[in-house]
1. Report, to the nearest 10°, how far helix A:63-81 tilts away from the longest principal axis of the Cα atoms in chain A, using its own Cα long axis and a range of 0 to 90°.
2. Cα axis of helix A:141-160 to longest principal axis of chain A: angle in degrees, 0 to 90, nearest 10?
3. Where in the range B:46-75 is the amide nitrogen less than 16 Å from a point lying 7 Å along the Cα-to-Cβ axis of B:V25?
4. Using 0.36 nm per residue, how much length does the chain from A:Y129 to A:A156 gain when fully extended, once their Cα-Cα distance is taken away?
5. Would you mind computing, in nm to one decimal, how far apart the modelled labels at B:E189 and A:L59 are, each placed 7 Å from Cα along Cα→Cβ?
6. Enumerate the calculated ³J(HN,Hα) couplings along the range B:207-214 in order (Karplus 6.51 cos²θ - 1.76 cosθ + 1.60, θ = phi - 60°), each rounded to whole Hz, writing x wherever the residue is Gly or Pro.
7. With each run of n ≥ 4 DSSP H residues scored as -39500 (n - 2.57), what mean residue ellipticity at 222 nm is computed for chain A after dividing by its residue count and rounding to the nearest 500 deg cm²/dmol?
8. Checking the table B:K64/B:K126; A:K32/B:K52; B:K80/B:K145; B:K57/B:K131; B:K80/B:K131 against a 28 Å threshold on Cα-Cα, which pairs fail?
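Since every read-out is calculated from the coordinates, none of them should be taken as a lab result. Bear in mind that the values here come from a model prediction, so they are computed numbers and not experimental data. As a convention, Cβ positions derive from the backbone with ideal geometry for all residues, glycine included, and neighbour counts pool all protein chains shown.
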Amino acid sequence: MDWIFLAELTVNGALTGLLYSLVAIGLVLIYKSSAVPNLAQGALTMLGAYVVLAFSHNLGWPLWIAIPLAVVIMFFVGIGIERVALRRLAGRPIVMILMMTMGLDIFLRGTTLAIWGGSSRSLNLGVSYDPFFVGDMLLSRIHIVGAAVAIAIFIASVLFFRTRMGIRLRAISDDYLASWSVGISVEGGVALSWGLASIVAVATGVIWGEVQGVDQSLSLLLLKGLTVAVLGGLDSILGAIVAGIILGIMESVGSFYLDAIVGGGSRDLIVAAVLILTVMIRPHGLFGRHDIERI
Amino acid sequence: MAQNETNLDDLILSLNSIEVMYDSVLLAIKGVSIGVPRGGMVALLGSNGAGKSTTLKAISGLLKAERGKVSRGDIRFDGKLIGDISPQDRVAMGICHVIEGRRVFEHLTPDENLDAAAPQSMSRRKIASEKERMYEYFPRLADRKSSQSGYLSGGEQQMLAIARALMTQPRLLMLDEPSLGLAPFLVAEIFGIIQRINKEQGLSVLLVEQNAIAALEIVSHGYLIENGRVVMHDTAESLKKNSDIQEFYLGGGEGKNFQDIKHYSRRKRWLS
Ligand SMILES: Nc1ncnc2c1ncn2[C@@H]1O[C@H](COP(=O)(O)OP(=O)(O)OP(=O)(O)O)[C@@H](O)[C@H]1O
Ligand SMILES: [Mg+2]
């Protein structure tokens with residue numbers, strides 16, 4: 001048994017897992033304020049990457065301008081989604097809103113495909129691909145950068161939900177009618193959560209765009225993100241981080257051993273198994289509140 | 001019977017023959033007129049399904065969340081028509097509705113419940129002093145201010161729902177069946193606090209209750225609503241003496257068993 005190799009698998013798995021956490025945090029931000037799992041978070045991530053790409057490659061602007069600009073634009077895209085697509089659904093059954101986010105996912109994928117085509121492009125963040133050793137372990141620099149971004153966004157989110165505005169958003173997801181009754185702007189709160197989730201989508205899109213190139217497959221990150229969010233508990237930011245690390249390690253170490261037996265492709269099986277088992281055994285996840293079916 | 005000599009200017013709230021429709025077909029309120037004097041306490045009594053909650057929702061604007069609509073008549077707060085104002089702006093004007101079923105924010109602490117309801121423009125210091133005031137009114141909440149609100153007792157949740165509403169700085173507080181499911185001593189405690197705030201702060205109160213005994217002890221006037229219509233309006237004193245009220249709401253009917261009363265109530269609807 002090669003312990004260094006196992007350690008390397010574990011650490012790289014945890015780092016990749018933290019990149020999944022980025023997607024999950026976007027989901028949790030919206031769930032925590034409106035109790036809706038946003039099935040378009042993957043597509044938003046992809047859109048975020050394309051917007052950065054449009055500024056940096058199509059217009060040739062430097063990344064330090066392109067990324068902040070994309071953040072601002074995507075924030076308003078998120079706000080706009082609430083205003084145009086979701087506001088009229090306020091108070092409707094949760095399935096309606098869920099279907100709307102799914103429609104949004106399809107719409108965003110179709111639109112980006114029409115504009116940017118299907119070929120993969122690279123972002124060129126400038127993160128070096130030279131081998132990076134910690135002790136004897138070989139690690140990926142971009143994954144380390146991504147994990148740091150995930151931790152930073154985690155801390156910012158935790159702090160945000162303790163502010164007055166953050167408390168209001170949590171109140172909305174608890175009971176929107178009671179929120180209305182004390183004058184909380186439910187629509188404004190939900191819009192803000194979409195705006196914030198769209199900002200997180202830019203960060204996620206930039207990191208993942210660097211890892212695997214910018215193309216339609218970025219939208220599939222939804223599946224990993226959703227699995228992590230469900231495992232962590234849909235309304236728990238901490239859960240998104242912890243579950244991301246757990247899923248990442250299971251995927252990396254597990255697939256190494258399983259692939260040898262089944263001959264490859266076991267990563268997706270592991271993700272599917274985690275999702276299904278969580279829903280069956282512990283539907284509120286590791287850290288989620290118990291009555292997640294309430295709206 | 002109706003003693004409506006109160007000048008309109010003295011009313012903080014007046015409803016002028018309003019009708020409310022749900023889903024554009026179901027007429028739940030059929031011409032209700034009521035008034036709440038400035039600084040006064042008024043009760044709205046009636047049995048299940050009479051239209052009490054619907055009336056409050058029409059006033060607070062929460063009807064919109066249930067696809068309900070005021071289809072006729074007008075509602076004035078402080079003399080201003082409020083029909084087209086959003087629920088949020090009505091709260092800002094000073095109307096706050098404590099909805100039925102003490103719906104506190106269960107996953108927030110009582111302290112956070114109060115924070116959530118504080119107006120956006122309220123300063124940090126003012127929020128802190130307002131919260132102190134609430135804990136002074138409701139000492140039971142002070143002891144539990146950092147626990148999860150979903151685990152508070154029914155009485156504590158009702159107190160929290162009222163304190164949360166008071167954080168919005170209302171001039172008119174509307175309470176929908178605050179006594180529901182609470183032990184009599186708790187009802188007395190809560191009503192006592194409401195009465196105290198009414199006296200000290202001049203807060204106007206519109207109290208919806210099925211528990212007429214408790215309600216008529218603290219209000220000056222009461223309206224009785226049946227089938228979406230006001231069928232009686234009088235001072236609390238006269239209402240307490242009224243034989244019909246005694247029979248159906250105070251449990252004072254003698255020599256009649258429950259079945260007789262139900263039967264009787266179907267025949268007689270107080271519709272003269
Ligand atoms: N959201 C709704 N959609 C359709 N009809 C409704 C709705 N809410 C209430 N109603 C109907 O309106 C009428 C009045 O209901 P309301 O809730 O105002 O009664 P209430 O006096 O508050 O009764 P309770 O004492 O049981 O709370 C009832 O016939 C009820 O069925
Ligand atoms: Mg009611």
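1. With both axes taken from Cα atoms, the answer is about 40 degrees.
2. Once rounded, the angle reads 30 degrees.
3. B:67-69
4. Values: separation 27, 0.36 × 27 = 9.72 nm, distance 2.85 nm.
Between A:Y129 and A:A156, full extension yields an extra 6.9 nm.
5. For the pair B:E189/A:L59, the computed spacing is 6.2 nm.
6. 10, 8, 8, 9, 7, 5, 4, 5
7. On the way: 11 runs with 205 residues, N = 295.
Dividing the helical sum by the residues of chain A leaves -23500 deg cm²/dmol.
8. Pairs exceeding 28 Å: B:K64/B:K126; A:K32/B:K52; B:K80/B:K145; B:K80/B:K131.
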